[in-house]
Structures are given as structure tokens and as C-alpha cells.
1. Answer yes or no as to whether Glu69 is of a type outside the set (Ser, Thr, Tyr), surrounded by 11 or more Cβ atoms within 10 Å (Cβ to Cβ) and under 18 Å from Ser118 (Cβ atoms).
2. Keeping to region 48-101, report how many residues are within 16 Å of Phe126 (Cβ to Cβ) and not charged (D, E, K, R).
Amino acid sequence: MKAMTRLEQQITRSGLKPRFTTSSFISRLACSAILFISTVLLSPVLAAAPLAAGFETLQAADGADKPLEVAVWYPTEAMAQVVDIGPFTLNIARGGAVAGQSLPLIVISHGNGGASLSHHDTAVAFAQAAYVVAEPPRVAWRLIGLSQATTVVDRPASCR
């Protein structure tokens, strides 16, 4: 039988039960130490700066026709700035280096009556989440100079 310490003898005589045993205290202390150490070690990872949205406009050749201007957003670690492009105000890092490799691609089409930057807020959110986003213009409107193309016959061959 194990000899009791003076404190254990006093607790036993008083009729009180200890809140914790020595072994449970040590295991709780060990768990707390592991949690503290892992928090300290992981804090640089958790404190990493969030990605910003890089932005470029690229020229895509379209045969003999004028090249298409494609808006491209991508994740970057460069600092974003507020930039006005036409009627739109974007929070982007123009020309920043791409953060990551083999990133997934999302292509956004703005639909009838929109502009190539109409969904810039959605594109920025996807870029900040590590996607590359391409938003080409509506080819029919740009190439044939129409504000609305009502039939397939009126569209260039590449759009039919």
C-alpha cells in the first residue's frame, strides 16, 4: 500500500474528495502543453497574408479578326490597390506574380448586355480563393460592332 502524503492525509480526514488526482493533473498539463506548443508552431501558417487578386488583360489572337482582349484574375501575394477601369472600381494587384501552380480555371461569361468586367467582384473572390478566372468579351458584339446580335446569322463564324 502506498504511503499518503501529509496533504492527502488531511484531505482524507476532512472527508473532502480531491478535485483531481495526480495522474489526471499530469495528463491535463501535458495536453495543455501540447496545445500551447502546437499553437505557437502553427501561428506563422495561420497568420499568412491572404491572397489578393492579380489582374491582367491579355490579347488572344482570333485568326484574321482583331485580337480579343480577355480579362484575367489570378491569386497573388502582391499588395492590392484600388484601380478604376472604365466605370468599374477594382481592388486588384495589377501585374503581381501568380501565387501557385496548376491552378483551376473558371471562365465567366457576362451574358447579353454586360461588359467584360461586369462580374469583377465574383472574379476577385475566386482569385482570392486560389482560382484563375478568365472573362472574355462577348465576341459577337465586339467583332461586328453591334450592341445586340439578334440572330445566329448576324454573328461571326466563331460565335455560331
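1. yes
2. The qualifying residues number 22.
Taken together, the values in this text are just the output of simple stated rules run on the coordinates, not laboratory data. Source: prediction; values computed, not measured. So basically every Cβ, Gly included, is an ideal-geometry build from the backbone, and we count neighbours across all protein chains shown.
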